[in-house]
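The values are calculated or read from the model by the stated rules, or taken from the named source; none is laboratory data. The structure presented is a predicted model; accordingly, all values stated were derived computationally and were not measured. In this analysis, Cβ positions are derived from the backbone assuming ideal geometry, glycine residues included, and neighbour counts consider all displayed protein chains.
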Amino acid sequence: RRRRRRARAARRGSGGTEVTYTDSAIRPMASPPQKKPAPVGRNTALTDVIALDCEMVGCGEDGKRSVLARVSVVNEDGNVVLDTFVAPGERVVDYRTRVSGVRPSDLQHAPPFKEIQKKMADILRGRVLIGHALRNDLKCLLLDHPKSMTRDTATYRPLTRPLRANERMHDKKNGIARGRGSRSLRELCAQHLGLEIQAGEHSSVDDARAALLLYRKCAVAWERELRTAGAGERRKKSASQEETKNKRRERDDDDDDDDER
């Protein structure tokens with residue numbers, strides 16, 4: 001009985017409210033982030049669901065143009081299926097090491113962009129892609145991916161909604177307590193997973209795993225919403241097609257009446 005009481009207490013937040021996750025609500029963790037993302041299974045194969053993150057360096061005269069320097073892909077269990085540095089093919093002005101973690105030595109013998117781009121195109125084909133702000137990653141890869149096969153944690157409303165006052169964490173040191181507007185991957189992980197990422201140099205493997213874990217946390221509700229939205233779109237399309245057919249029939253009937261006259 002004491003163990004059960006302690007277990008219940010461990011699941012409760014500082015205000016005594018039990019913290020749980022369901023398939024219809026995304027609630028923040030009550031405790032501060034303490035660990036990094038890790039694989040959740042042993043499967044190392046390339047699965048139908050993958051997560052992607054890229055690191056960029058700065059090129060161009062002012063070093064502000066982002067160019068791919070590292071790409072990481074993990075499978076549905078969070079195990080790495082691709083992690084490689086990429087030779088930009090042009091002079092790097094700013095390695096952005098403080099954020100990207102990329103150093104000149106990392107790119108000296110890295111494979112060329114075209115090789116990695118082709119490999120990524122093959123990996124993406126027919127697979128559900130998870131990530132945070134995927135538009136940036138796909139842009140630096142010069143690739144597209146169907147919207148229906150994309151799950152972006154930066155645009156999923158239950159994650160990006162502003163936090164209410166009682167949901168905001170008091171981790172001012174790490175900038176987690178803002179609670180307004182769409183939030184960074186780091187903040188989402190702290191709030192919803194109790195994980196710490198990007199405390200220093202970024203790791204594209206950690207970030208890909210983090211996005212995957214966020215998706216897994218709300219996958220049931222997310223996929224249900226997509227199915228419902230898809231069914232609604234199909235109904236609208238069917239109704240529009242039927243309306244077009246009816247108008248065509250009416251036009252044909254009018255033409256027949258004119259011929260009889």
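For this structure, a couple of remarks:
- Scanning the range 47-75 for residues that are touching a helix residue (DSSP H, G or I) at 6+ places or on another chain (Cβ under 7 Å) and acidic (Asp, Glu), we see that the one that is nearest to Lys119 (Cα to Cα) is Asp53.
- Test: residue in the range 81-99 that is closer than 24 Å to Ile123 by Cβ, acidic (Asp, Glu) and modelled with pLDDT of 95 or more: yes
- Residue pairs meeting the criteria (Cβ under 6 Å; at least 6 apart or on separate chains; first in contact (Cβ under 8 Å) with a residue 60 or more places away in the chain and over 17 Å from Val128 (Cα atoms), in the range 63-75; second of a type in the set (Asp, Glu) and buried (at least 22 other Cβ atoms within 10 Å of the Cβ)): Arg70/Glu55
- Of all residues in the range 19-74 being modelled with pLDDT of 90 or more, of a type in the set (Val, Ile, Thr) and out of contact with any Cys (no Cβ under 6 Å at 6 or more places or on another chain), the one that is farthest from Pro111 (Cα to Cα): Val40
To keep it simple, each residue is scored yes or no on (1) of a type in the set (D, E, K, R); (2) in contact (Cβ under 8 Å) with a residue 60 or more places away in the chain.
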position: Phe85; (1), (2): no, no
position: Val93; (1), (2): no, no
position: Pro104; (1), (2): no, no
position: Lys118; (1), (2): yes, no
position: Arg125; (1), (2): yes, no
position: Leu134; (1), (2): no, yes
position: Leu142; (1), (2): no, no
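- Note on the range 163-202: among residues that are in a helix (DSSP H, G or I) and at pLDDT 60 or above, the one that is surrounded by the most Cβ atoms within 10 Å (Cβ to Cβ) is Cys189.
- For Leu129, the stated conditions hold: it is modelled with pLDDT of 95 or more and surrounded by 15 or more Cβ atoms within 10 Å (Cβ to Cβ).
- Test result for Asp77, out of contact with any Cys (no Cβ under 9 Å at 6 or more places or on another chain), surrounded by 17 or more Cβ atoms within 10 Å (Cβ to Cβ) and outside any loop (DSSP other than H, G, I, E, B): no
- Here is the figure for the range 101-126: residues that are assigned to a helix (DSSP H, G or I) and either modelled with pLDDT under 95 or not hydroxyl-bearing (Ser, Thr, Tyr) (or both) total 15.
- Thr244 vs. criteria at pLDDT below 75, among the hydroxyl-bearing types (Ser, Thr, Tyr) and part of a helix (DSSP H, G or I): yes
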